[in-house]
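Participant: Would you mind keeping the following structure in view while I ask a few things?
The values are calculated or read from the model by the stated rules, or taken from the named source; none is laboratory data. Source: prediction; values computed, not measured. Note: ideal-geometry Cβ built from the backbone for every residue, glycine included; neighbour counts use all protein chains shown. The protein model used for the area step is the full one, side chains on, heavy atoms only, and it has no ligands, DNA or RNA in it. Shrake-Rupley method; radii C 1.70, N 1.55, O 1.52, S 1.80 Å.
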Amino acid sequence: MDKIYLSPAKQASSEITEKRSRFIGNIAHVENEQEAIEFVKSIKKKYYDAKHSAYAYITEGAKRYSDDGEPAKTAGLPILEMLDAQKITDCVCTVTRYFGGILLGTGGLVRAYTSAAKLALEEAGIKRMTLHNKYKIVIPYSLFDNVKYIAGECGCELEECEYTDVISAKAVCETEKCDKMLSSLTSSFGISIKIDFDKQIYR
């Protein structure tokens with residue numbers, strides 16, 4: 001995957017009405033295909049009384065869609081094509097339809113599913129996902145505020161803090177800024193703090 005890609009900034013929903021049929025879009029960022037599948041299951045459970053909950057998702061290892069009982073390529077595929085057109089990755093989008101009694105035809109269905117999915121994406125916003133390094137860092141209490149300040153100056157966040165006889169935290173920094181962050185912390189605190197690389201993530 002590229003160092004920068006686009007994904008929904010948050011989970012969001014939207015709703016449109018076409019000829020008395022309700023189309024409810026739901027969209028979310030996901031880390032993998034399993035998360036996408038679980039999201040789809042949760043939507044189907046939430047709208048258990050709806051006949052159709054079409055969906056599409058794109059992750060690093062998979063690109064899938066389902067029309068969920070609608071005519072072929074009128075529901076899930078338009079959602080997938082909308083995500084592709086916006087260059088969205090690591091994303092799942094569902095559109096649930098409550099039938100209003102009036103047939104929309106294949107063209108009408110394509111337009112409605114596309115519109116509901118696109119509106120959900122607009123509600124979520126689009127975030128530029130960049131590659132970050134995550135480190136395990138151990139800090140004496142007396143140095144914590146100073147470490148946090150210097151790390152912050154380098155664009156690094158300290159999170160998941162655990163307080164025992166020392167403070168154990170996770171330091172998350174954009175990969176391109178990590179050398180500066182590590183150099184600043186090492187020159188300021190030497191062996192008084194311990195930093196170990198954990199993994200790379202996107203955020």
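Participant: Suppose the chain between Lys10 and Lys44 were pulled fully straight at 0.36 nm per residue; how much longer would it get relative to their current alpha carbon spacing?
Facilitator: Full-extension gain reported as 10.3 nm.
Participant: Within segment 29-56, whose backbone N sits under 15 Å from a point 7 Å along Cα→Cβ of Lys63?
Facilitator: 56
Participant: With every protein chain left in place, what is the accessible area per residue of the chain in square angstrom, probe 1.4 Å?
Facilitator: 54 Å²
Participant: Right, another one. When we measure straight from the Cα of Lys136, which lysines land under 18 angstrom away, once same-chain ones fewer than 8 places off are left out?
Facilitator: Leaving aside lysines fewer than 8 places away in the same chain, those within reach of Lys136 are Lys148, Lys170, Lys177, Lys180, Lys194, Lys199.
Participant: Something else now. Could you pull out every residue, at least 5 positions away or on a different chain, whose amide H is within less than 5 Å of the one on Gly100? Hs are placed 1.01 Å off N in the peptide plane, and Pro or chain starts have none.
Facilitator: So Gly100 has HN proximity to Ser21, Arg22.
Participant: Ok, one more. What is the gain in length, in nm to one decimal, between Arg111 and Ile126 on full extension, counting 0.36 nm per residue of separation less the C-alpha to C-alpha distance?
Facilitator: Extending this stretch completely gives an extra 3.2 nm.
Participant: In segment 1-124, with Lys and Arg counted as +1 and Asp and Glu as -1 at Cβ, which of these residues, Ala116, Ala85, Tyr98, has the Cα nearest the positive end of the dipole, that is, farthest along it?
Facilitator: Tyr98
Participant: A further question follows. What span do the alpha-carbon atoms of the chain cover on each of the three principal axes, reported in whole Å from largest to smallest?
Facilitator: Sorted from largest, the Cα extents of the chain read 71, 31, 24 Å.
Participant: GNM, the chain, Cα, under 10 Å: largest mean-square fluctuation among Tyr135, Tyr149, Tyr47?
Facilitator: Tyr149
Participant: Continuing with this model, one more query. What angle, in degrees between 0 and 90 and rounded to the nearest 10, separates the Cα long axis of helix 178-189 from the longest principal axis of the Cα atoms of the chain?
Facilitator: The helix 178-189 is inclined about 30 degrees to the chain.
Participant: Which length gain, in nm to one decimal place, applies between Gln34 and Ser142 when the Cα-Cα distance is subtracted from 0.36 nm times their residue separation?
Facilitator: Contour length minus Cα-Cα distance gives 34.6 nm.
Participant: Check the straight Cα-Cα distances from Lys63 and name the aspartates and glutamates below 14 Å, setting aside those fewer than 8 residues away within the same chain.
Facilitator: Glu31, Glu33, Glu35, Glu81, Asp84, Asp90
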